[in-house]
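Novice: After the structure tokens below, expect a handful of questions from me.
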Amino acid sequence: MHTSRRAFIKQAGLGAVGALLSNLLLSACSGSKSIKGDNPLANIGLQLFTLRDLLFSDAKTTLETISKIGYSHIETFGLDLNSNSFWGLELLDLKKNHGR
């Protein structure tokens, strides 16, 4: 396999930049509260549809756990128009249980 000098330098540079940035990008998983402000990682959210089975079985505990993990934004689904609630929780209870 023949690799040109230019391709090698390009790939080595991308690898070095990736290694330097990986600490910043993966720090969102560490539970650290150091990411604040205008950083795009400060506003990471969760789509609750991915946890639909847990929400239908125990919505209150699931939302409390999501809040403890540190998600500051959630995207809801499943509004029951007849009772004006999500998974049996009134809107005020939803806000209390998420804690944000």
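Novice: Assuming Ile35 fulfils every condition listed in (1) β-branched (Val, Ile, Thr); (2) assigned to a helix (DSSP H, G or I); (3) at pLDDT below 80 apart from one, which condition is it?
Specialist: Checking Ile35 against (1) β-branched (Val, Ile, Thr); (2) assigned to a helix (DSSP H, G or I); (3) at pLDDT below 80, the one that fails is (2).
Novice: Would you check if Lys60 is charged (D, E, K, R) and exposed (fewer than 14 other Cβ atoms within 10 Å of the Cβ)?
Specialist: So Lys60 fails the test.
The values are calculated or read from the model by the stated rules, or taken from the named source; none is laboratory data. Please read these numbers as outputs of a predicted model, since none were measured by experiment. With ideal geometry, Cβ positions are generated from the backbone for all residues, glycine too; neighbour counts draw on all protein chains shown.
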